[in-house]
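Everything on this sheet refers to the single structure shown next.
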Amino acid sequence: MKNQITYINANGLNCSKKNEFFYSHIKNILTVKLFGTLKLSTYLCRQKDIVVSANNITVSFGGFTLFNEINFMINENDRIGLVGKNGAGKSTLLKIFMGLQQPTSGNISVPKNFSMGYLPQQMAIADGKTVINEAMTAFDQINELEEKIESISSQLTLRTDYESDEYISLIENLHEATERHHILGGNDKLGDTERALLGLGFKRTDFDRYTSEFSGGWRMRIELAKILLTKPRLMLLDEPTNHLDIESIQWLEDYLKNYYGALILISHDRAFLDAVTNRTVEISLGKAYDYKVPYSRYVVLRKERREQQTAAYENQRRMIEKTEEFIERFRYKASKANQVQSRIKQLDKLDIIEIDDEDASKLNIKFPPAPRSGRDVFKARNLAKRYGGHTVFSGVNLLVERGEKVALVGRNGEGKTTLSKIIVGEIPYEEGEAIAGHNVRTGYFAQNQDDLMDGDDTVHEALDKVAAGDIRSKLRDILAAFLFKGEDIDKKVRVLSGGERSRLAMAKLMLEPYNLLVLDEPTNHMDMRSKDILKSTLKAFDGTLIVVSHDREFLDGLVNKVYEFRDGAVKEHLGGIYEFLERRKLENLNELERKSEASKQMEEAKPSSSIQKNPEKKETGRQLKKLELQIKTAEEIITDLEAEMTAMDAFLLQETPGMDFFNAYESTKNALSEEMEKWSLLNEEHERLKSLL
């Protein structure tokens, strides 16, 4: 430090300058004596991107190897999607990163004082505090930083040895503490906490309620809020969207896209992975395959890599066969001796191409034939459900007929799970009628499967407890269809991954023939392949299906009727999920929820009289002019982006670009889509305001 210091220039690039540069500025900076205002980030350099790395991680137990010398590095600003089948070890790898589980061999390299935040699928959650107070425990580190900043600032005001090593060390420590304090949001702790809780679906009226009043899913949201508020350098999130509704998923998606640190994310939500990640690490059969692209691009590259490997392997195999045939044919001919020896040496030096092992195991399920039911499977008339003074929904009228496949969609708390429980007879209702049809036999997959299973049961015992009659002799076959084979059936339920528990719960529906399946978020924790197979199986199911889901891709092509839960009412929409969205002129279910809230606010803002007063007309005219300016700006941006896309498309026809180009192309494409959506919403609002004049 005596001879040289590093700093960041105006463009954020690493540079070096002599001490004279430092001392010529430091005294001026020190004259600012306000608490926490000493900022040297213009002159002092951050270290190079700090890296966390997994080094030869091997995990073995009971003769089975889960990981075999896995290696990969995590750079700052990496957004990694960790993918693979259920049971591949994704959650285990996150635990190893956090030091909660030790590998058989290998290690995790983490820089000193490097902060990490971890959200597991399941965790013990503290009680005894209100929601807001529990969330604000995330700022314990900030409180310590404030004490440190105050202490160093006091020391600096008393010292005059500006060029000593001790003084420089104090300056560095103060810089690090202040910048960390700023990054962690220490200047607006309460505001940041409220924004995080509101974004994750809490209402302001929930802030002063005790955490013990909330379900496990909502308490997980509090833990997620705490992790986001600590702003660690590396976040490890294991299925964070499982307990979120679509609006909260969108908020989290936007938050993570703008997050300054690194991220490892386990998720089976394709759209979420594509929006948030820029890199995909696949865990398969004990190995890690690293792709520097988001999920959808990884799927394409993975297929291409496999095809190229197979083609190269086949070509080499044919070459080896021909070479060996030549050697064998002319081995004993003196005239061919040199050629034979040359071919033998060629084979000895050959690097044998191997094809990566591929995990071909998959679900092999088929629901038993559905007994015939009456035409009307379930009917609700003026149905209402209340909890104390809170009305979940009222005046609900709906009819589900034999063979229909129906989706229940809407925000959390609007009553989807409540109606599901009323249909299966788990809970009562206050008003109206809920009528099950003739000979209806109902199978139910509950969202809270973890709470309904005894962790001390083995996989086999979990099924054996509820099986009856001849089906008990087929339990092993049923479990094998759900990928529980050999010693797997003797595993305790508590050690199963989230996806394995979902598969086990689904296996229970095979124990007897049902003609109505009510499935509440059945794809939570399921890997991509299992979701696709379950979808195909449900499409082939010859009974009636009612499914609660936020997964648009899962619902597409599966359902033929949608019931939308909104503002205490339930509305029927005929057709599939995309037909429903198209009629509403929405791009996805999240837009449905945002627009629902916006229309509610607009409805509340309408005057009671249909004839507006002149001041109101004047305000409407002012808003129209503002909207017209915004529409014009959006149109100009769209024109520029379309021109950029046209140029990129032309380039693609002539060149073979690298990944940087594809990333830029995807970014421009997304920007154009967002701007088009913005333009559409602005025009809708413009038309609405015009109608008021």
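The values are calculated or read from the model by the stated rules, or taken from the named source; none is laboratory data. Quick caveat, the model's predicted, so the values are computed rather than measured. Here the Cβ positions follow ideal geometry from the backbone for every residue, glycine too, while neighbour counts run over all protein chains shown. Note: areas computed on protein heavy atoms with side chains; ligands, DNA, RNA excluded. Shrake-Rupley method; radii C 1.70, N 1.55, O 1.52, S 1.80 Å.
The table below lists the values:
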{"quantity": "Label-reachable residues, the stretch 417-436, where backbone N falls under 13 Å from a point 7 Å from Asp376's Cα toward its Cβ", "calculated": "433-436"}
{"quantity": "Linear extension gain, Ala647 paired with Leu190, 0.36 nm per residue minus alpha-carbon span", "calculated": "159.8 nm"}
{"quantity": "Gain on full stretching of the segment that runs from Gln102 to Gln308 - 0.36 nm per residue minus C-alpha separation", "calculated": "70.5 nm"}
{"quantity": "Rotationally averaged projected area of the stretch 185-281 (alpha carbon convex hull; nm²)", "calculated": "6.4 nm²"}
{"quantity": "Semi-axes of the equivalent ellipsoid for the stretch 147-216, Cα gyration tensor, largest first, Å", "calculated": "41, 11, 9"}
{"quantity": "Efficiency of FRET from Cβ geometry, Arg688 and Asn448, R₀ 41 Å, rounded to 0.05", "calculated": "0.50"}
{"quantity": "Anisotropy class of the stretch 453-541 from Cα gyration tensor, a/c 1.5 cut", "calculated": "oblate"}
{"quantity": "Only Lys, Arg (+1) and Asp, Glu (-1) charged, at Cβ; the stretch 179-286 dipole about Cα centre in debye", "calculated": "300 debye"}
{"quantity": "Per-residue SASA entry for Val424, accessible area with 1.4 Å probe, Å² rounded to 10", "calculated": "40 Å²"}
{"quantity": "Positive minus negative residues near Lys129 (Lys, Arg vs Asp, Glu; Cβ under 14 Å)", "calculated": "-4"}
{"quantity": "Global form of the stretch 103-163, assessed from the alpha-carbon gyration tensor, a/c cut-off 1.5", "calculated": "oblate"}
{"quantity": "Estimated dipole of the stretch 149-242 in Debye, rounded to 20 [Cβ of Lys and Arg +1, of Asp and Glu -1, Cα centre]", "calculated": "680 debye"}
{"quantity": "Mean Cβ neighbour count within 10 Å, used as a protection proxy, ranking 223-234, 667-678 highest first", "calculated": "223-234, 667-678"}
{"quantity": "Length gained when the stretch Ile320-Leu347 is fully extended (0.36 nm per residue, less Cα-Cα span)", "calculated": "9.0 nm"}
{"quantity": "Probe 1.4 Å - accessible area at Lys535, Å² to nearest ten", "calculated": "40 Å²"}
{"quantity": "Charge sum, other residues only, whose C-beta stays under 12 Å from Leu538's C-beta, Lys/Arg counted +1 and Asp/Glu -1", "calculated": "+3"}
{"quantity": "Solvent exposure, largest accessible area first (probe 1.4 Å, DNA, RNA and ligands not counted), of Met510, Met73", "calculated": "Met73, Met510"}
{"quantity": "Highest average packing first - 625-638, 277-290, Cβ atoms within 10 Å", "calculated": "277-290, 625-638"}
{"quantity": "For the stretch 72-118 versus the stretch 392-440, the gap between their alpha-carbon centres in whole angstrom", "calculated": "42 Å"}
{"quantity": "Of Ala196, Ile108, Phe61, farthest towards positive along the dipole that unit charges on Lys, Arg, Asp, Glu beta carbons give the stretch 47-199", "calculated": "Phe61"}
{"quantity": "Leu94 - accessible surface, heavy atoms, 1.4 Å probe, Å² rounded to 10", "calculated": "0 Å²"}
{"quantity": "If the convex hull is drawn through the Cα atoms of the stretch 275-319, its volume per residue in Å³", "calculated": "71 Å³"}
{"quantity": "Solvent-accessible surface ranking, highest first, for Asp640, Asp376 at 1.4 angstrom", "calculated": "Asp640, Asp376"}
{"quantity": "Binned Cα-Cα distance frequencies in the stretch 346-501 - 5 Å width, integer %", "calculated": "2, 7, 12, 14, 13, 12, 12, 10, 7, 3, 2, 2, 2, 1, 1, 1, 0"}
{"quantity": "Residue order for Arg472, Arg688 - accessible surface, 1.4 angstrom probe, largest first", "calculated": "Arg472, Arg688"}
{"quantity": "Viscosity 1.306 mPa s, 10 °C: Kirkwood-radius Stokes-Einstein D of the stretch 434-590 over Cα pairs, µm²/s", "calculated": "92 µm²/s"}
{"quantity": "Sorted peptide list for 251-260, 196-205, criterion being average Cβ within 10 angstrom, highest first", "calculated": "196-205, 251-260"}
